[in-house]
Every structure is written in C-alpha cells, then in structure tokens.
Amino acid sequence: ERYYAPEIDNLNQAVQKNPKSALPHYFLGRVFQKMTFWTQTAARDISDITGVIGGYKDKTHEKALEHFEAAVKLEPAFEPGYAEVAEELLTLKRYSEAIPFYDKAIELNPKNPSAYSDRGLAKSYLASYYDATSDFSQAIELKKSQGGTFLENTYENRASAYEKAGNYDSAIEDYSRAIGL
C-alpha cells in the first residue's frame, strides 16, 4: 500500500513529460483500480455491501475511469483502454454506458472473450437477456478455442440469462455444464 503514492507521483511526472502518450494514464487507472481492493481504506469501505453510493471504492473507481478515458482519448485505437473504461462503468453499475466501450474493445480485438462475457453481464443487468446469451455464447466459443479459463463462470452467467428469459431447458443444460467443470 505504501507504494501507491510514489507510483502515482512517478506516473503523473510521466504524463507531464509526454502528455500525448496514453500509457501513463492507462497505468494510473490500473493503480487506482488496485487501490479499490488492495488498501486498508478499501477493506473498511462496505458501501458495496450496504448499497450506499459514493464510498471510497466508488470514488477510486471514478478516478480510475477518468484515467482510462484520458488514455482512449489520446489513443483511439488502444483496445485495453476501452476494455478498462467498460470495466469501470460496469463496476459503477453504469451498464448502458459500458456497452459502447465493450463494443469498441471488441471491434479492436474480436478475439477477447472477456469483453464478450462482460458485455453480456451488462446486457443481463439491463434485462436484455437474448443479447446477453449471444455474447456469452461468443465468449464460450472463444474461451474453448483459447484454453477454457473461467469457462464455468460463463456457462453459469449464460444459464442465468436463459433462466430469466424463461428458456429453462437451456438454463439447465448450462448449469449442468458449469457444475461439471
């Protein structure tokens, strides 16, 4: 935890030295992301459990979001930046805002299963279950071809979307696959 402040100072100096580079902003965003979990203050912030908005974690996620947005503004083809903007918006429960950033991340890297899976989550939260199952299906296919990491989670998420859409047979199949994995 004691390394965050010097790291932020160093990255702010990098922004000053090269204001046209997306990377210092991107890495500043990553530091703030880590601070939402790996700090004592974050451990004491239970606002995500209680539902209270505006706690330490929310403020720190907003700061990370600012830096990721700055990165993609400076470098419009920077796919990791778009994925991180979308991730922060998803974390902040701004689902409809997250989807266009997932769209852009997928446009720039169509073989990123996490972007499809997370966009599916955003669509599920917006009750767009048919579109969500399509994204989860794409994520499953990509994950299978790339080694299958966290495949059970994606099956479970797709099962949940099927269930909410009333497609119980498909939901049972996916829950069974998730359990099997």
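Fully extending the segment from Glu163 to Asp131, taken as 0.36 nm per residue of separation minus the present Cα-Cα distance, adds 10.2 nm. Calculate the FRET efficiency for Asn18 and Asn153 from the Cβ-Cβ distance with a Förster distance of 41 Å, rounded to the nearest 0.05. Taking R0 as 41 Å, the efficiency between Asn18 and Asn153 is 0.60.
For the chain, what's the relative contact order in percent, using C-alpha pairs closer than 8 Å and at least 6 residues apart?
Here the relative contact order equals 12 percent.
Each residue, Glu173 and Asn10, gets one label point 7 Å from its Cα in the Cβ direction; the gap between the two is 5.1 nm. Only one item in [x] 1.24; [y] 1.02; [z] 0.97 matches Rg/Rh (Cα atoms, Kirkwood Rh) derived from the coordinates shown, and that item is [y]. Across every pair of non-identical alpha carbons in the range 110-181, the mean reciprocal distance, once inverted, gives a Kirkwood radius of 11.6 Å.
Segment Tyr3..Lys73, full-extension length gain: 22.4 nm, with 0.36 nm per residue of separation and the alpha-carbon distance subtracted. Plugging the Kirkwood radius over Cα pairs into Stokes-Einstein for the range 54-135, at a temperature of 20 °C and a viscosity of 1.002 mPa s, what D comes out in µm²/s? Rounded to a whole number, D works out at 169 µm²/s.
Over the chain, DSSP H runs of length four or greater, each weighted -39,500 (n - 2.57), average out per residue to a 222 nm ellipticity of -24500 deg cm²/dmol. Taking the Cα centre of the chain as reference, the dipole from Cβ charges on Lys and Arg (+1) and Asp and Glu (-1) amounts to some 380 debye.
Whole-Hz Karplus values for the range 90-104 come out as 4, 4, 7, 6, 9, 4, 5, 6, 6, 4, x, 6, 5, 4, 5 Hz, taken residue by residue from phi with 6.51 cos²θ - 1.76 cosθ + 1.60 and θ = phi - 60°; glycine and proline positions read x.
Each reported figure results from applying straightforward, stated rules to the coordinates on display, with no laboratory input. Bear in mind that the values here come from a model prediction, so they are computed numbers and not experimental data. No Cβ is skipped: glycine too gets one built from the backbone with ideal geometry, and neighbour counts run over all protein chains shown.
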